[in-house]
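Chemist: The structure follows.
What follows is calculated from the coordinates using simple rules that are stated; it is not laboratory data. Note that the structure is predicted; figures quoted are calculated from it, not measured. No Cβ is skipped: glycine too gets one built from the backbone with ideal geometry, and neighbour counts run over all protein chains shown.
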Amino acid sequence: MPQEFWKTQGICANDAYVHMMLTDQKIDIFFEDAYREDAKRLCSVCPVVETCLSAGLKRIPRSEYRESSFDVPVGIWGGQTQRERRKFLKNLDKQIAEFQERLHLQLPDASDPNAA
């Protein structure tokens with residue numbers, strides 16, 4: 001099974017409204033701000049919303065800025081906007097850093113011969 005098979009199972013791939021907007025009006029509701037709430041409503045009942053969100057949280061290089069800078073894909077993915085996914089990842093990065101700091105404080109110093 002192809003790695004991106006889940007995309008064919010999404011409402012965005014099979015919904016008549018989405019298809020009509022794409023073919024008749026040339027509007028992709030998942031990338032147009034004016035249709036953001038329509039897209040989110042569809043995502044709320046989509047059978048692959050979690051997988052889609054996971055794909056939308058993957059970091060991609062922002063080469064137009066700096067080599068070390070990353071961003072997430074544009075558009076609605078898993079019911080969240082790019083801004084919402086950025087905020088989620090920023091909070092996640094902060095939580096991971098705090099956890100690593102707590103873990104570091106709890107681990108014995110490897111250079112200390114008296115550490116158990």
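Chemist: Which value in nm describes the separation of the simple spin-label points at M20 and R36, placed 7 Å from the Cα toward the beta carbon?
Modeler: 2.4
Chemist: Sorted by packing (mean other beta-carbon atoms within 10 Å per residue), highest first, where do 46-55, 32-41, 73-82 land?
Modeler: Packing proxy ranking, top to bottom: 73-82, 46-55, 32-41.
Chemist: Which of the lysines could a cross-linker span from K87 if the Cα-Cα distance has to be under 26 Å and same-chain partners fewer than 8 positions apart are dropped?
Modeler: Cα-Cα hits under 26 Å: K7, K40, K58.
Chemist: Can you tell me the order of 9-17, 90-98 when each peptide is scored by its average per-residue count of other Cβ atoms within 10 angstrom, highest first?
Modeler: The most tightly packed comes first, giving 9-17, 90-98.
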